[in-house]
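Single-structure report; data block below.
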Amino acid sequence: MVTPELPEIDYGHWPSPLTPASLFATTEAISWLRPATRGLFFLLSLPEESNAIVLMYLADDGAKKTRVSPPGMNLRSQVHEYGGIPYTFTDGMVFYCNFSDQRVYRQSFDPLTQNSGAPEAITPLVEDSPKALRYIDFIVDEKRQRLICVREDHRNAQEPRNSLVALSMNGTGEGDALFAASDFVASPCISPDGRHIAFQAWSHPNMPWDDTEIWLGTFDADGKLQQLNSILAGRPGAIEQPAFSPQGDLYFIADWTDWWNLYRIDNSRLTTATHSDAYAVLAIDAELCSAQWQFGQHQYDFVDADTLLLSLNRNCVWQLATLNVQTRQLTILCDQLGRLEHVFSQSGNAVFYAAPIDGPGAICTIDLHKPEKAMPIFRGRSVESFSEAAAISAPQHFAYGSAGSQAFALYYPPCNPHYRALANSLPPLLVSVHGGPTSSANSAYNPAVQFWTSRGFGWLDVNHRGSTGYGRKFRRSLYGEWGVVDIEDIVGAVEHLIASGGVDPQRIAIRGASAGGYAVLAALAGSDIFSAGVSYYGIGDLELLAKDTHKFESRYIDQLIGPYPAMAEIYRARSPIHHIHNITSPVLLLQGMQDKVVPPNQAETIYQKLKTVDSRSRCVYFAEEGHGFRKPQNQVAALQAELDFYNEIFL
C-alpha cells in the first residue's frame, strides 16, 4: 500500500484543531486541593460563569462530585493581589472568601448527604471602602473554635496592614490581631496539642523567596500569643511551608544550602529553638517547592512517624517520592511531571494534583501500601486536542552558555503529523518569557503551547538567570541586573537555536506577560533579532512602576535594580519607554484596565510612542480585566489578536 503524501504547507500556517475558542470556552482549571474526612475539597473555575471559582467536594471513591458554594459566590481572595487558598473547613461547615466583597462566609455542608446551607457572612462590610478588609490562608483552631488567618487591611491611607488574626466561627467581626510585627505574614500552623503556633513572616524589601522568618508562639488561656520568638533568626534564607508533624516536630523548607530542602526541629527543642536546632531531613540538589507567589503551597506531608511524602523538582521535571526519615531512603512514586502541587497523605494514600508532560492534569491518588501507577480520580473539562501522541510537541530542556554564565530553556518543535513544511524552509519561532521575574517556565502539557506548535511554530520557553528551580544562587543572580542579564539570556537562547539551524532567523517573535512583558519590550529595545513583540500587561516605565504598584511588590524592584529614587538614573536607562527609537519591530500590547499590579498607564504611555515609530503597533484594552485575563471571551479575543498579529507580520 502506498502511503499518501502529506499536504505541503508553509510553517506557521498548518491547519490546527485547536482554536482560541476551543482553548478557553470549556476549560475548567483545578486548584487548591485539600483532603477531608470522607473525601476532598478543591476549587474549580467554570467558564460558563465567566470563570468564577467554586468550591467542589469529591467523595472518597471519586465517583461523585458536588458543588458546595452556590452560584454568585466566587472564591478568590485579593490579599497581595495574587491571592491563594481562600477556604477551609470543619466537620459540617466550610468557610471561604468571596471575591466581590472580600468578606468571609460560613456555609454548612454535610459530606454524607452532600447537602449545603446558605452562606452567611462572618466578617463586616466596610461601607465607605469596598474590599477594604481581605482574608486568606485559613486554618481551624479546634481547641478555641475559631479560624486563624491572614488579614490585609486597606483602610490605611498609606500602605495596607497585614496581620495574623483570629476570627470567631460563630459570630461576626473583623478579627482579633495575634501578630502584626512584620510587613507580611503567611502559612500559620498549629501543633497537634493546640499549644503552639508557627508561621512565616518577612518585611520590606524582602520577598518570600529572599529572607524570611519562622515565628513560634504559645497560646495563653485566653487564646492570645505569648513567648513569641523568631526561632531561626541569624541564618538568612527563604524559609517557607512550616508544618507540625503528628508527633509535634516542626518541619519547614529552607534554601540554606542553595536548594529548597526540608528541615526539622524536634518537639523537645521547640520553646528554646534556634537555627542551630534545625537539621536537614533530606539534603539533595533539587527544589522541594517553588517561589511563594500565592498563599497555600503544600509540597510535603506526613505518612507516619517514619515516612514523609514530598515533591522534588530538577530541570523543570517534578517527582513525587516517599522518604524514610530514619534510613534516608528515597523512593520515587511518580516521575516526568510538568507540575506537582497540593501533596497530601490521606488514609494510606498519596493525594495530589499532577500535570504530566503529555496530557491534561488531574487530581490523582497512589496507594502507599502497594504503590503503582498514579490513578487520576478527577479531571476538569479541557480542550479535546489530539487523539494521537505523535501530534503532541514534547519539551526539550537544555542548558546553554550566555554572556559567560549559564541559563536554561525548554524548546517545543513544530508538530503536526498531518502536514509537512515547504522544502528547505525553517519554522518561525515564538520566544516566551515567564513573569515574576522570579518564576519559571514549566514542562506541563499546555494546550496553549500546542496551539502554536500544531500550526508549525517553534516555541521557546526561557528560564533566564533569576528563574526558580535551579537553586538560590541562580535565582538571585538577577538581583541588581534586571533588564540586563535576563535579556542577555533570552537573546542567547535564540542565538543557540539559530546556530543549530532549527529556526528561521527572519521570523522570530517574543511574547510575555507582566515582568515577561517588560522583557519583551526591553529585548526589542536591546536587540534586532526579533521581528515582532507581544506584551501582555507588561512594564514599559520602571520609574512609574516604582511609584505606582501594590504593597506586596512595592520594594521588590529594590532587589531587582536598587532603591528608588537614589538609583533613578538606572531605572530610566533600563526602561524601554526611553529607548523607543531602538524598537524597530511592531508591538502588540494587551492590557486590563483594572490591573493594580501593572497599572494601565504603563501600556497607554508606551503605546503613544510606539505607534509613532511603527504604525503596525497596536494596543488592545480589556475594561473588566486585572492582572491576568479571566473572562473566557477576553482570553479568546486576546489569543485571536495575537494570532492575527503574527499572520500579518510573518506573511
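The values are calculated or read from the model by the stated rules, or taken from the named source; none is laboratory data. Worth saying up front: this structure is predicted, and the values here are computed from it rather than measured. We place every Cβ from the backbone using ideal geometry, glycine too, and count neighbours over all the protein chains shown. For accessibility, only protein heavy atoms count, side chains too; no ligands or nucleic acids. Shrake-Rupley method; radii C 1.70, N 1.55, O 1.52, S 1.80 Å.
So how much slack lies between SER500 and ALA29, counting 0.36 nm per residue of separation and subtracting their Cα-Cα distance, in nm?
165.9 nm
Which loop trypsin sites (Lys or Arg not before Pro) in the stretch 175-271, with loop taken from DSSP, have no more than 16 other Cβ atoms within 10 angstrom of their Cβ?
Passing both the DSSP loop test and the Cβ count: ARG195, LYS224.
For the chain, build the charge dipole from Cβ charges (+1 Lys, Arg; -1 Asp, Glu) around the Cα centre, then report which of ALA121, LEU232, PRO360 sits farthest towards its positive end.
It is ALA121.
Filter LYS547/LYS631; LYS65/LYS143; LYS551/LYS611; LYS473/LYS596; LYS143/LYS224 down to the pairs with a C-alpha to C-alpha distance above 21 Å, please.
Values: LYS547/LYS631 29 Å; LYS65/LYS143 31 Å; LYS551/LYS611 32 Å; LYS473/LYS596 30 Å; LYS143/LYS224 13 Å.
Table pairs above 21 Å Cα-Cα are LYS547/LYS631; LYS65/LYS143; LYS551/LYS611; LYS473/LYS596.
Work out which helices of the chain, taken as complete DSSP H runs, extend at least 18 Å along their axis over the Cα atoms and score a mean Kyte-Doolittle of 0.5 or more, then list them.
Result, helices passing both filters: 485-500.
Nothing charged except the Cβ atoms of Lys and Arg (+1) and of Asp and Glu (-1): what's the magnitude of the dipole of the stretch 292-442 about its Cα centre? Round to the nearest 20 debye.
For this selection, approximately 320 debye.
List the residues whose amide H sits under 5 Å from the amide H of TRP459, counting only those 5 or more places along or on another chain, with H placed 1.01 Å from N in the peptide plane.
Long-range HN contacts for TRP459: TYR412, LEU430.
Once fully extended, how much extra length lies between ALA390 and ALA573, figured as 0.36 nm per residue of separation less the alpha-carbon to alpha-carbon distance?
Gain on stretching ALA390 to ALA573: 61.2 nm.
Round to the nearest 0.05 the FRET efficiency obtained for ALA448 and ALA221 when R0 = 41 Å and r is the Cβ-Cβ distance.
Calculated transfer efficiency: 0.15.
Please turn the phi angles of the stretch 358-375 into ³J(HN,Hα) values with the Karplus equation 6.51 cos²θ - 1.76 cosθ + 1.60 (θ = phi - 60°), one per residue in order, whole Hz, x for glycine and proline.
10, x, x, x, 7, 6, 10, 9, 9, 6, 6, 7, 9, x, 10, 5, 4, 10
Determine the shape class of the stretch 86-224: with a ≥ b ≥ c the square roots of the Cα gyration tensor eigenvalues, call it rounded for a/c under 1.5, and otherwise prolate if a/b is greater than b/c, oblate otherwise.
oblate
Which one, [x] 26.0, 88; [y] 24.7, 84; [z] 29.9, 101, gives Rg and Dmax of the Cα atoms in Å as derived from the coordinates shown?
So the structure-derived entry is [y].
Using a basic spin-label model with each label point 7 Å from the Cα along Cα→Cβ, how many nm lie between ARG195 and GLU5?
Rounded to a tenth, the inter-label distance reads 8.2 nm.
Would you kindly derive the ³J(HN,Hα) couplings of the stretch 186-193 from the backbone phi angles with the Karplus curve 6.51 cos²θ - 1.76 cosθ + 1.60 (θ = phi - 60°), listing them in order in whole Hz, with x for Gly and Pro?
Once θ is set to phi - 60°, the couplings for the stretch 186-193 become 6, 6, x, 8, 10, 5, x, 7 Hz.
Charges only on Cβ, +1 for Lys and Arg, -1 for Asp and Glu: so what's the dipole of the stretch 502-651 about the Cα centre, in debye to the nearest 20?
On the way: 14 positive and 16 negative charges, 24 e Å.
Charge dipole of the stretch 502-651: 120 debye, to the nearest 20.
With every protein chain left in place and a probe of 1.4 Å, what is the accessible surface of GLU127, to the nearest 10 Å²?
Rounded to the nearest 10, that gives 150 Å².
Taking the Cα centre of the stretch 79-215 as origin, sum charge times position over the Cβ atoms of Lys and Arg (+1) and Asp and Glu (-1), and report the length of that vector in debye to the nearest 20.
The dipole of the stretch 79-215 has a size of about 300 debye.
What's the FRET efficiency of LYS631 with LYS64 using the Cβ-Cβ distance as r and R₀ = 35 Å, to the nearest 0.05?
Once the sixth-power term is evaluated, E becomes 0.75.
Between THR605 and ASN156, what is the spin-label point distance in nm, taking each point 7 Å from the Cα along the Cα→C-beta axis?
2.6
Would you calculate a helix-derived [θ] at 222 nm for the chain, using -39,500 (n - 2.57) for each DSSP H run of n ≥ 4 and dividing by the full residue count, to the nearest 500? Don't jump to the answer; show the numbers that get you there.
On the way: 10 runs with 94 residues, N = 651.
It comes out at -4000 deg cm²/dmol, rounded to the nearest 500.
Roughly how many whole Å is it from the C-alpha centroid of the stretch 35-51 to that of the stretch 602-628?
Distance between centres, Cα-based: 35 Å.
To the nearest 0.05, how large is the calculated FRET efficiency for ASP110 and HIS581 if R₀ is 45 Å and r is the Cβ-Cβ distance?
Once the sixth-power term is evaluated, E becomes 0.10.
Could you tell me which residue out of LEU430, GLY404, VAL449 lies farthest along the dipole of the chain toward its positive end? Charges go on the beta carbon: Lys and Arg +1, Asp and Glu -1, centred on the Cα centre.
So the residue furthest toward the plus end is VAL449.
Hey, can you find the accessible area per residue of the chain for me, probe 1.4 Å, expressed in square angstrom?
38
Report the full-extension gain for the segment LYS596 to ALA180: residue separation times 0.36 nm, less the Cα-Cα distance, to one decimal in nm.
Value of the extension gain: 147.4 nm.
Using +1 at the C-beta of Lys and Arg and -1 at the C-beta of Asp and Glu, which of ILE53, SER168, LEU333 has the Cα lying farthest in the positive direction of the dipole of the chain?
Toward the positive end, the furthest listed residue is SER168.
Residues with amide H under 5 Å of LEU232's amide H, sequence separation 5 or more or different chain, H placed in the peptide plane at 1.01 Å from N; which?
Long-range HN contacts for LEU232: ILE214.
Take the alpha-carbon centre of the stretch 80-153, take the same for the stretch 458-505, and report the distance between them in whole Å.
The distance from the Cα centre of the stretch 80-153 to that of the stretch 458-505 comes to 41 Å.
Per the 1.4 Å probe, what fraction of the accessible area of the stretch 155-276, in percent, lies on carbon and sulfur atoms?
That share works out to 44 percent.
Per residue of the stretch 276-293, in order, report the coupling 6.51 cos²θ - 1.76 cosθ + 1.60 (Karplus, θ = phi - 60°) as ³J(HN,Hα) in whole Hz, putting x for Gly and Pro.
6, 7, 8, 10, 6, 7, 8, 9, 8, 7, 7, 9, 8, 7, 10, 4, 8, 7
For LYS131, give me every one of the aspartates and glutamates with a C-alpha distance below 13 angstrom, ignoring sequence neighbours fewer than eight places off in its own chain.
Reachable aspartates and glutamates: GLU81, ASP101, GLU152, ASP153, GLU174.
I want to check the label-to-label distance for ASP528 and ALA399. Put each point 7 Å from Cα in the C-beta direction and report it in nm to one decimal.
3.4
In the stretch 368-504, carbon and sulfur make up what percent of the accessible area (probe 1.4 Å)? Don't skip to the end; give the middle numbers.
On the way: 2650 of 5270 Å².
It is 50 percent, rounded to a whole number.
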